[in-house]
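Novice: Have a look at this one.
The values are calculated or read from the model by the stated rules, or taken from the named source; none is laboratory data. This structure is a prediction, so every number in the text was calculated from the model and none was measured. Cβ placement follows ideal geometry from the backbone for every residue including glycine, while neighbour counts extend to all protein chains displayed.
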Amino acid sequence: MWAIIGTWRMALEGITKACAELAEGEDAGEAIETAIKETEDYPYFKSVGYGGLPNENMEVELDSGFMDGNDLTVGAVGALRDYANPIAIARRLSFEKYNNVLVGAGAEAYAHKFGFERKNMLTQRAKIHYYNRLKKENLAQQASVLKPYIGHDTVGMACLDKQAKICVGTSTSGLFMKRAGRVGDSPLVGSGFYADSRVGAATATGLGEDIMKGLVSYEIVRQMEAGLTPQAACELVVNRLDKRLREINHGTAGDISVVALNKHGEYGVATNINNFSFVYASSKQAATVYVCKVEE
Ligand code: SD4
């Protein structure tokens, strides 16, 4: 049995590519890297890799995390500039004994040392979005009608391979117009991603500042370990955090969406937004796009 799940419709092409590898018995870590690289390389996804939207200084800064559920090794990069595939660098960092999480210039020096592809990640299209946004912000300044930090998605994938190994990875350009150096939940183990091959894996997308308050990926894996199905674990963790956030923030909560996979290849999904799309494939079914809606 093998299975793979990813956040958002943008995971489809990468997952489709990884399925062929998994069917041949490929390792879950390799499959995650293949699948996420595909998403990173596609220029029209505005929130991941090449074509990702920039920060307030018009620089694309990327976050990515990876975890191997067999030995619980973690690798992550934060605020990484000018490298094509953050997921490959994060995974490479997971092979190190120390210094597994690197940010900014340190992460770039590491990527350079190990020969990862350098690339200007800011596309013409992303620049247009940036200038349009600046215009809107100027117009909206007095009226303060502009909702900050909209239009961001992270690709997160969890995968079980034929050898029963489970891995998880994330990649994102984070929030559009974020501060330089801002790091979200996506490279933070336990928040944006977590995997334990004895149990399963989970990954999150949405407002990093809120997701990290609930360590949602770690929580989901622990709830599965305690006996919940992936679906029940996802719903419990998202609903509980959403409720707590609303208590604190006068009835509002940031976007939180999650997907999870257990060691049997069964999946779970939960969200507090309308229309969270995700992609699931396994040795029993071809890659399929589904849409999850907030529970009423
Ligand atoms: C972040 N969680 O940087 C990411 C962005 C995201 O859906 O996933 N948006 O906060």
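Novice: Does the stretch 109-123 contain at least one residue that is farther than 25 Å from residue 204 by Cα, surrounded by 17 or more Cβ atoms within 10 Å (Cβ to Cβ), touching a residue at least 60 places away in the same chain (Cβ under 8 Å) and not hydrophobic (A, V, I, L, M, F, W, C)?
Specialist: Looking for residues that are farther than 25 Å from residue 204 by Cα, surrounded by 17 or more Cβ atoms within 10 Å (Cβ to Cβ), touching a residue at least 60 places away in the same chain (Cβ under 8 Å) and not hydrophobic (A, V, I, L, M, F, W, C), one finds at least one in the stretch 109-123, hence yes.
Novice: Inside the stretch 160-178, can you point out the residues that are in a strand (DSSP E or B) and over 15 Å from the mean Cα position of the chain (by Cα)? Steps first, please.
Specialist: Taking the stretch 160-178 as the starting set, the residues that turn out to be in a strand (DSSP E or B) are 160, 166-172.
If the condition is that a residue be in a strand (DSSP E or B) and over 15 Å from the mean Cα position of the chain (by Cα), then 160, 166 are the ones that fit.
Novice: In the stretch 204-227, how many are within 16 Å of the ligand (Cβ to nearest atom), basic (Lys, Arg) and assigned to a helix (DSSP H, G or I)?
Specialist: 0
Novice: Sticking with this structure for a sec: Report the residue count in the stretch 243-275 for those that are touching a residue at least 24 places away in the same chain (Cβ under 8 Å) and either small (Gly, Ala, Ser) or in contact with a strand residue (DSSP E or B) (Cβ under 6 Å, 6 or more places away or on another chain) (or both).
Specialist: Looking only at the stretch 243-275, we keep the residues that are touching a residue at least 24 places away in the same chain (Cβ under 8 Å), and these are 244-245, 253-273.
With the extra rule that they be either small (Gly, Ala, Ser) or in contact with a strand residue (DSSP E or B) (Cβ under 6 Å, 6 or more places away or on another chain) (or both), the set shrinks to 253-263, 265, 267-272.
Number satisfying all stated conditions: 18.
Novice: Cβ-Cβ under 6 Å, sequence separation 6+ or interchain: first residue in the stretch 199-215 and within 14 Å of residue 260 (Cα to Cα), partner within 14 Å of the ligand (Cβ to nearest atom) and at pLDDT below 95. Which pairs?
Specialist: Close Cβ pairs (under 6 Å, with a partner that is within 14 Å of the ligand (Cβ to nearest atom) and at pLDDT below 95) amount to 205/153.
Novice: Across the stretch 205-248, what is the number of residues that are surrounded by 21 or more Cβ atoms within 10 Å (Cβ to Cβ) and among the hydroxyl-bearing types (Ser, Thr, Tyr)?
Specialist: 2
Novice: So, in the stretch 31-54, of the ones that are touching a strand residue (DSSP E or B) at 6+ places or on another chain (Cβ under 9 Å) and not in a loop (DSSP other than H, G, I, E, B), which residue ends up nearest to residue 2 (Cα to Cα)? Explain how you work it out, then say what you get.
Specialist: Applying the first criterion (touching a strand residue (DSSP E or B) at 6+ places or on another chain (Cβ under 9 Å)) to the stretch 31-54 yields 31-33, 35-37, 39-40, 45, 47-49, 52.
Subsequent filtering for residues that are not in a loop (DSSP other than H, G, I, E, B) retains 31-33, 35-37, 39-40.
Details: 31: 11, 32: 13, 33: 16, 35: 15, 36: 17, 37: 20, 39: 21, 40: 23 Å.
Only one residue fits best here, namely 31.
Novice: Would you say residue 49 is within 14 Å of the chain's Cα centre (by Cα), at positive phi and not polar (S, T, N, Q)? Don't jump to the end; show me each part of the working.
Specialist: Numbers: within 14 Å of the chain's Cα centre (by Cα): yes; at positive phi: yes; not polar (S, T, N, Q): yes.
Spelling it out, residue 49 is indeed within 14 Å of the chain's Cα centre (by Cα), at positive phi and not polar (S, T, N, Q).
Novice: Would you tally the residues in the stretch 179-199 being more than 16 Å from the chain's Cα centre (by Cα) and either under 23 Å from residue 43 (Cα atoms) or not hydrophobic (A, V, I, L, M, F, W, C) (or both)? Please lay out each step first, then the result.
Specialist: Looking only at the stretch 179-199, we keep the residues that are more than 16 Å from the chain's Cα centre (by Cα), and these are 179-181, 196-199.
Now narrow it down to the ones that are either under 23 Å from residue 43 (Cα atoms) or not hydrophobic (A, V, I, L, M, F, W, C) (or both): 179-181, 196-198.
Adding up the residues that qualify gives 6.
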